[in-house]
Amino acid sequence: MAQLGSNERSRLRRAAEELFARAEHARDQVDLEAAARLFGRAAGTWRTTGDVLAAADAYLELAAVLLRQGRGQILPDLAARVSNLVEVNPLPEGVHLRLRVFAVLIAKGATEREAVLGLVLERQLARSRADQAQAEEQLAGEAFGSRQGDVFS
């Protein structure tokens, strides 16, 4: 993978976040073709930036959409893409095992649909909790900053 400058990496991460948000919206609107395309693009973009867990989440969401479309026969190919994420170096601790589990579950998705969908729900919940914690942290920082401004004014 080619080295990205920090500005380019930041730009691509923002693009991937936008693609992922648009994919979630399309999924929620039951526009599954658009959702599949956008989740795939988000995964590829995050792979480029080295954000393998975000890429894996996008691939998981893509797997769920493909199952809803009745296209479970292509999940083994998608599982191979997730397995290839381990080539991104260096991987954070524990990520290699997570990616292997994701790949195995996706590969079995056509016959064990509930396992894939359960993992997707777990990851959605984890992302929701992380987003909530980040928002609370930001609010606390803003409140602290405004109080500090009062003290030093």
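Quick note: the coordinates plus some simple rules give every number you see, no bench work behind them. Predicted model, so just to flag it, every value in this text is computed and none were measured. Neighbour counts run over all protein chains shown; Cβ positions are idealised from the backbone, glycine included.
Odds and ends about this structure:
- Within the stretch 28-84, the set of residues being within 11 Å of Ile106 (Cα to Cα) and either free of Cβ contacts under 8 Å to residues at least 12 places away in the same chain or acidic (Asp, Glu) (or both) comprises Glu61, Ile74, Asp77.
- Residue in the stretch 47-57 that is touching a Leu at 6+ places or on another chain (Cβ under 8 Å), in a helix (DSSP H, G or I) and more than 21 Å from Ser6 (Cβ to Cβ) present: yes
- Any pair with Cβ under 8 angstrom, 6 or more apart, that starts in the stretch 86-97 at a residue that is closer than 18 Å to Ala43 by Cα and ends at one that is exposed (fewer than 10 other Cβ atoms within 10 Å of the Cβ): none
- Among the residues of the stretch 93-134, the one identified as within 14 Å of the chain's Cα centre (by Cα), within 24 Å of Gln69 (Cα to Cα) and acidic (Asp, Glu) is Glu122.
- Some residue of the stretch 115-128 being among the basic types (Lys, Arg) and farther than 14 Å from Phe20 by Cβ: no
- Complete set of residues in the stretch 68-114 that are of a type in the set (Val, Ile, Thr), surrounded by 15 or more Cβ atoms within 10 Å (Cβ to Cβ) and either in a loop (DSSP other than H, G, I, E, B) or at positive phi (or both): Val88
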